[in-house]
Amino acid sequence: MARNKIIAATAIMLASVISLTGWTTAMAGNSSNASCKIRSSKTGSGVRLDAVVTASGPIMGTYTFKVMSSDGSTRHAFRKSDFSVDSPAKSQLFKTGVDLPAGPGYQASLEVEWPEGYSSCSSSVS
């Protein structure tokens with residue numbers, strides 16, 4: 001009789017551990033992270049700046065891409081938009097860019113916000 005109680009108690013503990021592990025795994029599987037980068041490349045008449053956002057897991061949020069002249073006197077680009085992706089795989093969400101004339105230089109910033117977090121990056125081009 002005592003042996004049956006020990007087996008039953010062990011089974012209940014094991015079921016609890018399996019249940020908790022399954023819950024933790026499901027929660028981890030739903031987490032999403034986004035990262036950003038700004039790429040610059042020379043063109044025939046100046047420079048191109050590309051804002052790139054990459055994410056792992058389903059995610060939705062908002063991005064803001066700004067480009068100013070280095071001295072802050074002129075805004076060359078401002079884009080703010082929502083984004084959404086359903087894929088659980090890591091993927092490039094979007095890439096948006098702006099072609100700029102040769103000049104004294106530019107400051108670019110990209111901010112990405114989603115319910116669970118925030119990412120930002122910036123770049124200077126001369």
What do you reckon, is LEU93 surrounded by 11 or more Cβ atoms within 10 Å (Cβ to Cβ), assigned by TED's automatic domain parsing to the domain that holds THR64 and under 13 Å from the mean Cα position of the chain (by Cα)? yes
Residues of the stretch 71-126 being free of Cβ contacts under 8 Å to residues at least 12 places away in the same chain and either under 19 Å from CYS36 (Cβ atoms) or polar (S, T, N, Q) (or both), in sequence order, are SER73, THR74, TYR118
Being exposed (fewer than 10 other Cβ atoms within 10 Å of the Cβ) and at pLDDT below 90 is the filter here; which residues of the stretch 72-87 pass it? GLY72, SER73, ASP86
Looking at ALA55, ALA28, which is the one that is modelled with pLDDT under 90, loosely packed, with under 11 Cβ neighbours inside 10 Å and among the small types (Gly, Ala, Ser)? ALA28
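The values are calculated or read from the model by the stated rules, or taken from the named source; none is laboratory data. Please read all numbers here as calculations on a predicted model, not as lab measurements. So basically every Cβ, Gly included, is an ideal-geometry build from the backbone, and we count neighbours across all protein chains shown.
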